[in-house]
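Scroll down for the structure; my scribbles are underneath it.
Please treat every number below as a calculation from the coordinates, not as lab data. As the structure is a prediction and not an experimental result, all values here were calculated from the model. Cβ coordinates were reconstructed from backbone atoms using ideal geometry, including for glycine residues, and neighbour counts include every protein chain displayed.
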Amino acid sequence: HLTKKEMKRQRKLRRAEKQRELQDMQAAGLLPPPEPRLTLSNFMRVLGDQAVMDPSQMEQKVTEQIQARKIKHERMNDERKLTRQQRKEKRARKLEEDTSQGVTVALYLVRDMSHRYHRTKVDLNAQQNGITGGVLEVERPTNLALVIAEGGPKAIKRYTRLMTVRMKWRGENFLGDVESDDDDNNEDGGGGGGDGNNHEDGGDDAPQKFNPNNSCELVWTGMGAKRMFNTFAFQKCETADVARKVLEAKGVAHFMDQVLVHASGRGSEFNFKLGAASANDDGDIEMGGA
């Protein structure tokens, strides 16, 4: 792959070569010379005596040439304009990252993931960024949610910003139902934690309030040898032991240990190796606690 500087140089050389070929063909008489590029500020100097003899006619000619250049420019833009499907594919290519040589992993601790707004944003952004993993909601001994995200470094960076900066975990300045088509059902979110309403699918009119004590913390981020999950899904577990067994089936039970230690306030004391919990032929990769 060429660097951006090398790509610019290659483009410059190609354009220069194309211009030289055009000039050679004009010098050989195979192509007519181009008309001078006239503007209202230079036509007196370019046309000389012709402009002095009939300035009104020359000014009209300049105006027509300017309009022709504008029409040509707009036509070329329309020809290069991408269709909706092409724009969609282009966006997908920009978001696509190669994770065959390694994957970036991030763990987040969320106090309450019950609100529909949070669940929708977490799931939708994971799908848009090509992130696998999921959300494990633990009910006992304490209510918490472990969010696991696997993807490319840029995708995880965007996702971390969503989880730690952009997301309104306590409903700050939330303006009602984000997915409602009826403006009359949108109610004021009541800043700082209170009464942002969201209605469940199926016509349930019961308001859903934000948790004023909710928060999200980045527990740990690092590199993994490969993806351990195929999709991004939500799963509820009654206890932390059940959640750990679910992750143990994927070879990442230590993720739950890391989150529980972080939740207890002893995250800096917890270090582990990815290979110790999920041995694979690629070798161990050492990773430290957040």
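Return the subset of Lys88/Lys154; Lys5/Lys90; Lys5/Lys70; Lys72/Lys154; Lys168/Lys245; Lys121/Lys226 for which the Cα-Cα distance in this structure is over 29 Å, preserving the input order.
Violating the 29 Å Cα-Cα cut-off are Lys5/Lys70; Lys72/Lys154; Lys168/Lys245.
Please identify the GluC sites (Glu not before Pro) of region 1-102 that satisfy two criteria: DSSP loop assignment and at most 10 other Cβ atoms within 10 Å. Which are they?
Passing both the DSSP loop test and the Cβ count: no residue.
Report the net charge of residues surrounding Met76, where surrounding means a beta-carbon distance below 14 angstrom and charges are Lys +1, Arg +1, Asp -1, Glu -1. Before the final figure, lay out each step's value.
Values: positive: Arg69, Lys70, Lys72, Arg75, Arg80, Lys81; negative: Glu74, Asp78, Glu79.
That sum, taken over residues with Cβ under 14 Å, equals +3.
At Thr231 and Ala92, where each label point lies 7 Å from the Cα along Cα→Cβ, what is the point-to-point distance in nanometres?
The modelled label-to-label distance comes out at 1.8 nm.
Could you work out how far the C-alpha centroid of region 1-59 sits from that of region 222-245, in angstrom?
Region 1-59 and region 222-245 have Cα centres spaced 63 Å from each other.
Taking the Cβ of Ile131 as the center, what net charge do the other residues with Cβ under 14 Å away carry, scoring Lys and Arg +1 and Asp and Glu -1?
+2
Set the Förster distance to 30 Å, then compute FRET efficiency between Thr239 and Val165 from the Cβ-Cβ distance, nearest 0.05.
It comes out at approximately 0.45.
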